[in-house]
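The block underneath contains the structure these notes are about, expressed in structure tokens.
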Amino acid sequence: MKARIVGTGSYLPEQTRTNYDLEKMVDTSHDWIVARTGIEERRIADATECTSDMATIAAQRAMDMAGVTADEIDMIVLGTITGDYPWPATACIVQANLGAKNAFAYDVSAACSGFLYALSSANDFIVAGRGKRVLVIGAETLSRAVDWTDRNTCVLFGDGAGAILLEAQESDSGVLSCHLHSDGNFLELLYQPGFGAKHPVSVEGIGARLSYLKMQGNEVFKVAVRSLTEVSKEALAANGYTSADVGQFIPHQANLRILEATTKRLGLTEEQSFINVHKYGNTSGATIPIAIDEAYQQGLLKEGDLILSAAFGGGFTWGSALIRW
Ligand code: ACO
């Protein structure tokens, strides 16, 4: 039994924020941002949109592609760090929006690795024979967690959502493996200090801007490239493949330099590597399902192709998935 991708969908907010827009907000330049990150623009949710809205549209598109109705969904798992509320899970709001009354739903908090963590849970659920169809979603409204006065971080992130629909099938195609890792010792290199139980909302905390994402970018960069490379090799080795067998490498889209360094270390060609970070920036848990949907829409994913995906993010968390399309 394999978990096969039978539907993909994505949603990007209409509003575009270019590097030139950012030049008016912080001390930065289009050239600096492009040279250091490859990002040219990102999408920003409007005031009426939040994570569940974007996730619902992406999920509905994946269901429409597969011709599956809401009552046929057994499980909804959503990777996000920018849910609508601290609790309950945003996945439950998506369930209600879709009318998926036979599903159970929960969120996974693994930052930029959230989608692959969610995919791993969904795959285990299907392979164990516990259900037939799972919506795996990554969705983020990072524009509300980013400090728009901090040039070190605000240039990197954007909003959006992507989803895939997995279906249990007797097939050689589908998810071949998932490998997940984490190391909590790196917590303070990339995190949101407030307002959880450790630093609840306070006037001092608001003054110290604790509700915004904090990052030590160059430290994150080094560990990200190393971890993405190792976990990608782990996926290939576990299945007896090499880089030459990969049809498309669809990594987490954080930064063009991270992607290029990882692709080079893996010995993959430009043609094998899918990149859309220039258009959307880093949408954290949403980058991979958005990229899968775009790659599919562009005709880059053909039946039988080997798809390698890898992600790295706050926690630190990292992981990979190998999928036969
Ligand atoms: N515009 C202009 N100058 C800037 C900006 C900006 N937006 N941001 C930082 N600088 C300045 C710094 O202040 C510093 O100036 P100084 O030398 O006078 O002190 C200088 O640029 C160099 O700063 P560094 O942080 O050393 O620059 P670096 O080359 O490391 O690039 C970046 C910064 C782009 C953040 C890089 O470290 C990076 O991409 N890291 C990965 C972070 C990431 O992707 N995080 C996302 C979450 S994790 C993940 O998804 C993988």
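Translational diffusion coefficient, Stokes-Einstein: compute it for region 216-325 using the Kirkwood radius over C-alpha pairs as Rh, at 37 °C and 0.692 mPa s, and state it as an integer in µm² s⁻¹.
238 µm²/s
Name all residues of region 71-110 having a backbone nitrogen under 12 Å from the label point set 7 Å from the Cα of Phe195 along its Cα→Cβ direction, giving them as ranges.
Residues passing the 12 Å test: 86.
Residue by residue through region 123-129, what is 3J(HN,Hα) from phi via Karplus (6.51 cos²θ - 1.76 cosθ + 1.60, θ = phi - 60°)? Round to whole Hz and write x for glycine and proline.
Per residue, the Karplus-derived 3J(HN,Hα) values read 4, 4, 4, 6, 5, 6, x Hz.
Could you go through region 177-183 in sequence order and give the Karplus-derived ³J(HN,Hα) for each residue, using 6.51 cos²θ - 1.76 cosθ + 1.60 with θ = phi - 60°, rounded to whole Hz, and x for Gly and Pro?
Values, residue by residue: 6, 10, 10, 10, 9, 8, 8 Hz.
Highest first, please rank the peptides 312-325, 105-118, 124-137, 248-261 by the mean number of other Cβ atoms sitting within 10 Å of their residues. It would help to have the intermediate numbers written out before the result.
Numbers: 312-325: 25.1, 105-118: 26.9, 124-137: 20.6, 248-261: 23.1.
Ranked by mean Cβ neighbours within 10 Å, highest first: 105-118, 312-325, 248-261, 124-137.
When we measure straight from the Cα of Lys101, which lysines land under 30 angstrom away, once same-chain ones fewer than 8 places off are left out?
Counting by Cα, and skipping residues close in sequence, Lys101 has these lysines nearby: Lys2, Lys132.
For an R0 of 51 angstrom, estimate the FRET efficiency from the Cβ-Cβ distance between Ala238 and Ile206 and round to the nearest 0.05.
It comes out at approximately 0.65.
Kirkwood hydrodynamic radius of region 2-172 from all distinct Cα pairs, in Å?
Evaluated on region 2-172, it is 16.7 Å.
List the trypsin sites (Lys or Arg not before Pro) in region 10-57 that DSSP assigns to loop (not H, G, I, E or B) and whose Cβ has at most 10 other Cβ atoms within 10 Å. Which are they?
When the trypsin sites (Lys or Arg not before Pro) of region 10-57 are filtered for loop state and at most 10 Cβ neighbours within 10 Å, Lys24 remain.
Can you sort Tyr20, Tyr212 from fewest to most other Cβ atoms within 10 Å of each residue's own Cβ?
Numbers: Tyr20 12, Tyr212 18.
If I rank by nearby Cβ atoms, fewest first, I get Tyr20, Tyr212.
Alpha carbon centre of region 135-201 versus region 247-296: separation in Å?
Centre-to-centre distance over Cα atoms comes out at 15 Å.
Given +1 on the Cβ of Lys and Arg, -1 on the Cβ of Asp and Glu, and no further charges, what dipole in debye does the chain carry about its Cα centre, rounded to the nearest 20?
Working: 26 positive and 38 negative charges, 99 e Å.
Dipole magnitude for the chain comes out near 480 debye.
If the convex hull of the alpha-carbon atoms of the chain is projected onto planes in all directions, what is the mean projected area in square nanometres?
Averaging across all directions leaves 15.6 nm² for the Cα convex hull.
Among Leu308, Leu165, Leu180, whose mean-square fluctuation peaks in a Gaussian network model of the chain (Cα, cutoff 10 Å)?
Between Leu308, Leu165, Leu180, it is Leu180 that shows the largest mean-square fluctuation.
Around Ser177, which amide H atoms from residues at least 5 apart in sequence, or from another chain, sit under 5 Å from its own amide H, with H modelled in the peptide plane?
Amide H to amide H, under 5 Å and 5 or more residues apart or across chains, Ser177 pairs with Leu322.
Report the extension gain between Arg36 and His181 in nm, rounded to one decimal, defined as 0.36 nm multiplied by the number of residues separating them, less their alpha carbon distance. Each step should come with its number before you reach the end.
Values: separation 145, 0.36 × 145 = 52.20 nm, distance 2.70 nm.
That pair, Arg36 and His181, stretches by 49.5 nm at full extension.
Comparing Met54, Met65, Met75, which has the greatest mean-square fluctuation in the GNM of the chain with Cα pairs linked when under 10 Å apart?
Met65
Expected output is a single nm value to one decimal: the length gained when fully extending between Glu72 and Glu219, i.e. 0.36 nm times separation in residues minus the C-alpha distance. What is it?
Using 0.36 nm per residue and subtracting the Cα-Cα distance, I get 48.5 nm.
Once phi is turned into ³J(HN,Hα) by the Karplus curve 6.51 cos²θ - 1.76 cosθ + 1.60 with θ = phi - 60°, what whole-Hz value does each residue of region 22-30 show in order, with x for glycine and proline?
With the stated coefficients, region 22-30 comes to 5, 4, 7, 9, 9, 7, 8, 9, 3 Hz.
Let's see if you can work this out: charge +1 on each Lys and Arg Cβ, -1 on each Asp and Glu Cβ, no other charges. What is the dipole magnitude of region 183-325 about its Cα centre, in debye to the nearest 20?
320 debye
Can you give the translational diffusion coefficient of region 161-215 in µm²/s, computed by Stokes-Einstein from the Kirkwood radius over Cα pairs at 37 °C and 0.692 mPa s?
215 µm²/s
Over the alpha-carbon set of region 252-311, work out the extent along each principal axis and list the three values in angstrom, largest first.
29, 25, 17
Would you kindly compute the Cα radius of gyration of region 76-136 and its largest Cα-Cα separation (Dmax), both in Å?
11.3, 32
If you count the DSSP beta bridges with both ends in the chain, what percent of them are antiparallel, to the nearest 5?
75 percent
Counting only residues 5 or more places away or on other chains, whose amide H sits under 5 Å from the amide H of Lys214 once H atoms are built in the peptide plane?
Result for Lys214 returns Tyr191, Gln192.
Calculate for the chain the 222 nm mean residue ellipticity that helices alone would give, adding -39,500 (n - 2.57) per DSSP H run of length 4 or more and normalising by residue count, nearest 500 deg cm²/dmol. Mind showing how you got there, number by number?
On the way: 11 runs with 109 residues, N = 325.
Mean residue ellipticity at 222 nm (helix-derived): -10000 deg cm²/dmol.
For the chain, set up a GNM with springs between Cα atoms under 10 Å and report which of Ser202, Ser29, Ser121 has the largest fluctuation.
Ser202
Just so you know, all these numbers are worked out from the coordinates, no wet-lab data involved. Just so it is clear, the model here is predicted, and its values are computed rather than measured. Backbone-built Cβ (ideal geometry, glycine too); neighbour counts: all protein chains shown.
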